[in-house]
Amino acid sequence: MSELILLRHREIPNLDQLDVYQKHDGFSAFKKAVTGMQPLDVLNEVKASGLRGRGGAGFPTGIKWSFIPNNLWPHYVVANADESEPGTFKDREILESNPYQFLEGLMLASFAVQANDAYVYFRGEYWQMAQKLDACIESLEKAGLLGEKLFDGSYSLRLHTHMGAGAYICGEETALLESIEGKLGQPRLRPPFPATFGLFGKPTVINNVETLANIPPIIDRGSGWYRSIGTEKSPGPKIFSLSGCVNKPGNYELPLGTTFRELIFTHGGGVPEGHTIKAFMSAGASSVIVPADDKALDTPMDYESTQNDLNAPLGSASVIIVDDSVNIAWLVNKTVQFFKHESCGKCTPCREGTYWMSHLTRRIATGKADADDINLLDTVAKQMQGKCLCALGEFSTMAVTSGVQKFRSDFEQLTNR
Ligand code: SF4
């Protein structure tokens, strides 16, 4: 992709300054929407663009907005900046270096669903970004872009920031809402869904930071332009966070549908010299472990292809590379220890399952297990699947079952010593 859309700050110095952002068409989309469009026009343009949520689920954004009922008020919009998936660091770059594009997207989403108050929820470790956003919000209020009766019309909008305390589970949208309300950050039973019973029990849209950063260019340049990027079912640009055993880790903005091979070898410079690529995870620690054969490497990174061809979610597109120096049982242990630590404990299958899996993977990784423990680990993981209250429990089993199935010899290598 020749033109950067989400990571424009790499080409435009000081884009995190309001005057610079405005000089580069900043807030023209918001002004155009509030002064010349109906909220439904904004919603329909986003729907037509085919934009899908970049937080992991890939649900169509415009359709999500259309679930907000018009007979229940007030409405809220919440930006999910609780970026905590191991291997994911794309929202951080947007927040640090292109914050106004994200804020403009949040403001457009708020206008589209007629919310007068919107929230940004940060993971606890992003306190510096929260401070920066507070300053940005203040500058927008001073510039008359936030506040009461904007552009001398009837629409008013206030933005608020809220800090989490560093819990991965608060990236789950209902746990996030509980946390903003001052309660323990644990997922809610669904239904009801946030579209009807969200923040403070009112209709709420929750969107990821990167999703919202896509909105201003869609309103500025139109859904037709947006659809010219990416694939038919997964349009638009995507930021891929590349990490692990790779020469040039980092964020890469590429059209959805780019192959894993192009990301890893053309942009990421391949694996360190003297090694060969062994596997990758497509969606951070929550993903299955995919053997890096030719078919996998040539798979397009879009929401359909990775799921259908590799049985792996694209998720937030955090691609972790594993080379032949890594024993997969070691990697599986790392992911399981993470999920055991982050399990909120609300439901038994996840609370107990991650506890027992963590014992087994540690035993295997430290060479203290026997061969039967591999089957026991696999059984515990499979017993958890489909029984957990939220996705975290399911995610914790992904690396385990795929690792044992595809790389059993790595586990056996450690248990046979
Ligand atoms: Fe909490 Fe895990 Fe149950 Fe989710 S699956 S509610 S994180 S215990």
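The values are calculated or read from the model by the stated rules, or taken from the named source; none is laboratory data. These numbers come from a predicted model, not from an experiment. Here Cβ is always computed from backbone atoms with ideal geometry, including for glycine, and neighbour counts include all displayed protein chains.
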Exercise. Would you confirm whether any residue within the stretch 150-160 is free of Cβ contacts under 8 Å to residues at least 60 places away in the same chain and either of a type in the set (Lys, Arg) or farther than 30 Å from Gln22 by Cβ (or both)?
Key: yes
Exercise. Would you mention how many residues in the stretch 185-214 are without any contact (Cβ under 8 Å) to a residue 60 or more places away in the chain and outside any helix (DSSP H, G or I)?
Key: 6
Exercise. Starting from residues that are surrounded by fewer than 21 Cβ atoms within 10 Å (Cβ to Cβ) and hydrophobic (A, V, I, L, M, F, W, C), keep the ones in the stretch 339-357 and report whichever is nearest to the ligand (Cβ to nearest atom).
Key: Cys347
Exercise. Residues being out of contact with any Cys (no Cβ under 7 Å at 6 or more places or on another chain) and part of a loop (DSSP other than H, G, I, E, B): count how many of those fall in the stretch 257-274.
Key: 7
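Could you look through the stretch 145-180, keep only residues that are assigned to a loop (DSSP other than H, G, I, E, B) and within 22 Å of the chain's Cα centre (by Cα), and pick out the one that is nearest to the ligand (Cβ to nearest atom)?
Residue satisfying both the conditions and the ranking: Glu172.
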Quiz item: Is there a residue being in contact with a Gly (Cβ under 9 Å, 6 or more places away or on another chain), under 16 Å from Val77 (Cβ atoms), among the hydroxyl-bearing types (Ser, Thr, Tyr) and away from the ligand (no atom under 16 Å from the Cβ) anywhere in the stretch 189-202?
Solution: no
Quiz item: Name the strands (runs of 3 or more DSSP E) wholly within the stretch 275-337 that hold at least 1 residues that are of a type in the set (Lys, Arg)?
Solution: 277-281
Quiz prompt | Tally, over the stretch 379-400, of residues that are within 11 Å of the ligand (Cβ to nearest atom), assigned to a helix (DSSP H, G or I) and touching a residue at least 40 places away in the same chain (Cβ under 8 Å) | solution = 6
Quiz item: So which pairs qualify, if the first residue must be in the stretch 362-375 and under 14 Å from Val400 (Cα atoms) and touching a residue at least 40 places away in the same chain (Cβ under 8 Å), the second must be of a type in the set (S, T, N, Q) and part of a helix (DSSP H, G or I), the Cβ gap must be under 8 Å, and the two must be at least 6 apart or on different chains?
Solution: Ile364/Asn333; Ile364/Thr415; Ala365/Asn333; Asp373/Thr415; Ile374/Thr415
Quiz item: What single numbered condition from (1) assigned to a helix (DSSP H, G or I); (2) away from the ligand (no atom under 16 Å from the Cβ); (3) of a type in the set (A, V, I, L, M, F, W, C) fails to hold for Leu254?
Solution: (1)
Quiz item: Which pairs have Cβ atoms under 6 Å, sit 6 or more apart or on different chains, and link a residue in the stretch 327-353 that is farther than 27 Å from Gly164 by Cα to one that is at pLDDT 95 or above and not in a helix (DSSP H, G or I)?
Solution: Ile328/Phe407
Quiz item: Could we say that Leu199 is modelled with pLDDT of 95 or more and in the same structural domain as Ala79 (by TED's automatic domain parsing) here?
Solution: yes
Practice problem: Go over the candidates Val319, Val336, Val332 one by one and state the one that is over 28 Å from Lys183 (Cα atoms), in the same structural domain as Val404 (by TED's automatic domain parsing), hydrophobic (A, V, I, L, M, F, W, C) and at pLDDT 95 or above. | Solution: Val332
